[in-house]
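*Asks:* Here's a structure for you.
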Amino acid sequence: KAGVTQTPRYLIKTRGQQVTLSCSPISGHRSVSWYQQTPGQGLQFLFEYFSETQRNKGNFPGRFSGRQFSNSRSEMNVSTLELGDSALYLCASSSMTSTDTQYFGPGTRLTVL
Amino acid sequence: QKEVEQNSGPLSVPEGAIASLNCTYSDRGSQSFFWYRQYSGKSPELIMSIYSNGDKEDGRFTAQLNKASQYVSLLIRDSQPSDSATYLCAVNPNSGGSNYKLTFGKGTLLTVNP
């Protein structure tokens, strides 16, 4: 099976712009989670989608949003970018077994100038 | 605030030695525990999952869970230079509906010296 894919892999934006990141989960996986990783804060949960519905949300401002499509692909959007949004954004997918794990994609490295 | 704590390291061990990585968590209701390995510039890669008290072995890796002490550990036997990476402890808090929200520690940097 192909793994989780994320596009683009690298992005450079300037403050005030907005950005959209894309994630395609492992085939058959219906849950997609997004995380932000920075050197200072480590890996922090952003949100999780299942069947096009957001089920969980982390402690991030409303500038961070996401959605999931009927084919389980997911996008996250960050509006009005700030310098502090520079990070590695990771997508992870999970199947629906009871003892489950999350499998991470390669990430999108976002740099805000 | 549900927290997962790890020693940041770096932890340095000689090749062939046992590396011991530790993690404590604050949410007593947590049910699922994971260890991920992350090489510099790469994404986290799952090494082990553990759900019940006791030990779970997979090759050179052994995860240990003690829910009463809220403690998870990872032992790496016969450490190799290729094991040099940051090891992330992740806990699934008892969030009631979804099982897919992980809280991560900040990771322990392990260096295995040839």
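The values are calculated or read from the model by the stated rules, or taken from the named source; none is laboratory data. These figures come from a predicted structure and were not determined experimentally. Note that we place each Cβ from the backbone using ideal geometry, even for glycine, and neighbour counts take in every protein chain shown. Only protein heavy atoms, including side chains, enter the accessible area calculation; ligands, DNA and RNA are left aside. Shrake-Rupley method; radii C 1.70, N 1.55, O 1.52, S 1.80 Å.
*Asks:* Pick from the range B:59-70 the residues that are closer than 17 Å to B:Ala19 by Cβ and not polar (S, T, N, Q): which of them is farthest from the other protein chains (Cβ to nearest Cβ)?
*Replies:* Only one residue tops the list, namely B:Arg60.
*Asks:* Sticking with this one: Between a residue in the range B:21-47 that is farther than 22 Å from B:Pro81 by Cα and any residue that is of a type in the set (Asp, Glu), which pairs come within a Cβ distance under 6 Å, given they are 6 or more apart or on different chains?
*Replies:* Once the first residue is farther than 22 Å from B:Pro81 by Cα and sits in the range B:21-47, its partners that are of a type in the set (Asp, Glu) give B:Thr24/B:Glu5; B:Ser26/B:Glu3.
*Asks:* Right, here's the next one. Modelled with pLDDT of 95 or more and surrounded by 14 or more Cβ atoms within 10 Å (Cβ to Cβ): which single residue out of B:Phe33, B:Phe61 fits that description?
*Replies:* Sole residue among the options that is modelled with pLDDT of 95 or more and surrounded by 14 or more Cβ atoms within 10 Å (Cβ to Cβ): B:Phe61.
*Asks:* When the residues of the range B:16-28 are narrowed to those that are open to solvent by less than 20 Å² (accessible area, probe 1.4 Å) and out of contact with any Lys or Arg (no Cβ under 9 Å at 6 or more places or on another chain), which ends up nearest to the other protein chains (Cβ to nearest Cβ)?
*Replies:* B:Cys23
*Asks:* Across the range A:86-112, what is the total count of residues that are outside any strand (DSSP E or B) and modelled with pLDDT of 95 or more?
*Replies:* Residues meeting the conditions: 4.
*Asks:* Looking only at the range A:34-43, decide whether some residue is in contact (Cβ under 8 Å) with a residue 60 or more places away in the chain, in a strand (DSSP E or B) and either more than 24 Å from B:Phe33 (Cβ to Cβ) or open to solvent by 20 Å² or more (accessible area, probe 1.4 Å) (or both).
*Replies:* yes
*Asks:* Within the range B:36-58, track down each residue that is within 13 Å of chain A (Cβ to nearest Cβ), part of a loop (DSSP other than H, G, I, E, B) and open to solvent by 20 Å² or more (accessible area, probe 1.4 Å).
*Replies:* Selection gives B:Tyr39, B:Ser40, B:Gly41, B:Lys42, B:Ser43, B:Tyr51, B:Ser52.
*Asks:* Moving to a separate point now. Within the range A:54-85, work out how many residues are open to solvent by less than 40 Å² (accessible area, probe 1.4 Å), more than 9 Å from chain B (Cβ to nearest Cβ) and in a loop (DSSP other than H, G, I, E, B).
*Replies:* 4
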